[in-house]
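For reference, the structure discussed in these notes is given below.
Just so you know, all these numbers are worked out from the coordinates, no wet-lab data involved. Note that the structure is a prediction, hence the values are computed from the model and not measured. Neighbour counts are summed over all protein chains in view; Cβ atoms, including those assigned to glycine, are modelled from backbone coordinates with ideal geometry.
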Amino acid sequence: MARSDALQGFLDAAFVAFDQCAQDLRSRRSMGQIFTHLEAVQSERPDIGKRLPVCKRHLDEALTIKTDRRAIEVLIERFKALEPLLEWKWRQTYDSSASENFLMSHANTLIVGPGGLEDREDVWIGATLMAPNVRYPDHAHPPEETYLVLSEGEFQSGQSNWFSPGIGGSFYNSPGIKHAMRSGKKPLFALWALLPEQPQH
């Protein structure tokens with residue numbers, strides 16, 4: 001079994017970008033395990049590509065970034081090549097911590113993971129797009145998570161104040177920690193990688 005060139009090219013670029021940008025030792029450990037799992041290829045789901053209106057309005061702008069980091073430039077180009085194959089979805093559950101415009105102004109896509117382009121349970125890599133002036137709801141999940149931020153925008157993790165990682169910024173969310181994000185005057189775009197707890201054998 002082999003991956004499509006578009007998916008394998010993106011994952012190769014993501015490996016390099018996360019390796020260069022993720023400095024937290026917990027992120028580096030987690031990402032090492034994620035990409036070790038990804039050496040085992042699983043089947044891709046065909047013909048699932050679907051864009052939401054927010055993608056049509058804001059994705060091109062979000063992916064037009066200025067950086068002198070070659071790894072980020074390659075990652076963006078590989079994502080653009082992959083994006084027509086991806087299925088974008090709304091987050092269906094959220095609370096009052098989200099902005100009133102949240103539902104129609106955001107989109108998530110799962111590249112690898114449950115129900116993703118490569119449907120698998122052991123790792124999740126996906127992306128979030130938000131229109132300008134949108135707040136994502138507070139949320140938490142059992143898997144640990146590493147973000148790679150590819151736009152302007154602010155994030156919150158646990159009891160932290162809002163912080164701006166910047167383009168190429170990366171940070172770690174420990175299992176179960178509450179976190180959120182919000183866009184400013186420009187769209188927000190970020191990748192995230194989750195490592196579910198692996199069963200013991």
Quiz item: Cα centroids of segment 31-74 and segment 132-181: how far apart, whole angstrom?
Solution: 18
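Given Cβ point charges of +1 (Lys, Arg) and -1 (Asp, Glu) and nothing else, what value in debye, to the nearest 20, does the dipole of segment 5-195 about its Cα centre take?
In debye, rounded to 20, segment 5-195 gives about 560.
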Quiz item: Where nothing but the Cβ of Lys and Arg (+1) and of Asp and Glu (-1) is charged, how large is the charge dipole of segment 1-55 around its Cα centre, in debye to the nearest 20?
Solution: 240
Exercise. Determine the relative contact order of segment 5-195: mean sequence separation of Cα pairs under 8 Å and six or more apart, normalised by residue count, in whole percent.
Key: 25
Quiz item: About the Cα centre of segment 60-119, what is the dipole size in debye to 20, counting +1 per Lys and Arg Cβ and -1 per Asp and Glu Cβ, all else neutral?
Solution: 160
Practice problem: Mind grabbing the base-10 log of I(q)/I(0) for segment 31-95 at q = 0.15, 0.26, 0.27 Å⁻¹? Debye formula, identical points on the C-alpha positions, no solvent, two decimal places. | Solution: -0.74, -1.13, -1.13
Quiz item: Give me the Kirkwood hydrodynamic radius of segment 95-201 in Å, from all C-alpha pairs, to one decimal place?
Solution: 14.2
Quiz item: What lysines sit close enough to K56 to cross-link, taking a C-alpha to C-alpha distance under 20 Å and skipping anything fewer than 8 places away on the same chain?
Solution: K80, K89, K185, K186
Quiz item: Compactness ratio of segment 5-195: Cα Rg over 2.2 N^0.38 Å, N = residue count?
Solution: 0.94
Exercise. Go through segment 96-109 residue by residue and turn each phi into a ³J(HN,Hα) via Karplus (6.51, -1.76, 1.60, θ = phi - 60°); whole Hz please, and just put x for glycine and proline.
Key: 6, 6, 6, 5, 4, 8, 4, 4, 8, 10, 9, 7, 10, 9
Quiz item: Which of the peptides 174-183, 128-137 is most tightly packed, and how do the rest follow, judged by the mean count of other Cβ atoms within 10 Å per residue?
Solution: 128-137, 174-183
